[in-house]
């Protein structure tokens, strides 16, 4: 699952807004704002995560085998 790009479904906000009762418009607007900010943050992330320098961590971490365990879990 790591490294795969999340596919976002398009939301028809205009059609959604037409169905929202007047007393719930503020909550709807807050939802849309939150959704837009999450989508913007997701779009700003790189397509692929940064490559991990496992050799650096093998020399920096004192516990033997710990980095190897993490490397197996990541790959």
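Coordinate-derived values only; no laboratory data. Keep in mind that this is a model prediction, so the values were computed, not measured. Using ideal geometry, Cβ is built from the backbone for each residue, glycine included, and neighbour counts are taken over all protein chains shown.
The angle separating the long axis of helix 25-44 from the principal Cα axis of greatest extent in the chain is about 30 degrees. Packing around the peptides 19-32, 40-53, taken as the average count of other Cβ atoms within 10 Å per residue, puts them in this order, highest first: 19-32, 40-53.
Before rounding to the nearest 500, sum -39500 (n - 2.57) across all DSSP H runs of length at least 4 in the chain and divide by the residue total; then give [θ] at 222 nm in deg cm²/dmol. If you can, show how the numbers build up before the last one.
Values: 4 runs with 42 residues, N = 75.
-16500 deg cm²/dmol, from helical runs alone.
In this label model, residue 51 and residue 70 are separated by 1.8 nm, measuring between points 7 Å along each Cα→Cβ vector.
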